[in-house]
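The values are calculated or read from the model by the stated rules, or taken from the named source; none is laboratory data. Here the structure is a predicted model, which means the values were calculated and not measured. Cβ coordinates were reconstructed from backbone atoms using ideal geometry, including for glycine residues, and neighbour counts include every protein chain displayed. Note: areas computed on protein heavy atoms with side chains; ligands, DNA, RNA excluded. Shrake-Rupley method; radii C 1.70, N 1.55, O 1.52, S 1.80 Å.
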Amino acid sequence: QVQPVESGGGLVQAGGSLRLSCVASTRTFSTYTMGWFRQAPGKEREFVAAFSWRGGRILYADSVKGRFTISRDNAKNTVYLQMNSLNSEDTAVYYCVADSAYSGTSAGEYDYWGQGTQVTVSS
């Protein structure tokens, strides 16, 4: 079992930055694909970014490319999401996800989900 735990959410003004962190409790963190999804009020959950353990493949949603950066520190069992140039469209609950497979952009590919952390961008 892997239990991702997110932190770092909060309230930020438009144009500002936040960094989310996620610690996953597993001895084999380096062999997991780690990622982030988000869900805004009244909208479906959507893919944000993922960092595969194999080959270091990184994926981003088009809506965040150039503004968000995903990174991971295997020694700390932690994945990060640096979010810059935030706007109101980024307001959502952000979920950290993990999977032992070579997972992509579909929510169904990820077996393990965190509880979520709220990010609110004020205009």
Residue tally, condition outside any loop (DSSP other than H, G, I, E, B) and either within 14 Å of the chain's Cα centre (by Cα) or surrounded by 16 or more Cβ atoms within 10 Å (Cβ to Cβ) (or both), over region 96-111: 6
Region 12-42, residues that are among the β-branched types (V, I, T) and within 12 Å of the chain's Cα centre (by Cα): V23, T33
Evaluation of M34 against (1) under 18 Å from S85 (Cα atoms); (2) open to solvent by less than 30 Å² (accessible area, probe 1.4 Å) (one fails), failing number: (1)
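Listed here are the residues, each with its yes/no results for (1) in a strand (DSSP E or B); (2) at pLDDT 95 or above.
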site	(1), (2)
G16	no, yes
R27	no, no
G35	yes, yes
K43	no, yes
A50	yes, yes
R72	yes, yes
E89	no, yes
Y94	yes, yes
In region 65-87, residue nearest to T120 (Cα to Cα) [restricted to those that are surrounded by 15 or more Cβ atoms within 10 Å (Cβ to Cβ) and over 13 Å from the mean Cα position of the chain (by Cα)]: L86
Residue in region 53-75 that is hydroxyl-bearing (S, T, Y), touching a Ser or Thr at 6+ places or on another chain (Cβ under 8 Å) and within 19 Å of P4 (Cα to Cα) present: no
Of residues in region 53-64 being part of a loop (DSSP other than H, G, I, E, B) and modelled with pLDDT of 95 or more, the one surrounded by the fewest Cβ atoms within 10 Å (Cβ to Cβ): D62
Region 44-53, subset under 13 Å from Y94 (Cβ atoms) and of a type outside the set (G, A, S), residue nearest to the chain's Cα centre (by Cα): V48
Breaking point among (1) open to solvent by less than 70 Å² (accessible area, probe 1.4 Å); (2) hydrophobic (A, V, I, L, M, F, W, C); (3) in contact with a strand residue (DSSP E or B) (Cβ under 7 Å, 6 or more places away or on another chain), for F29: (3)
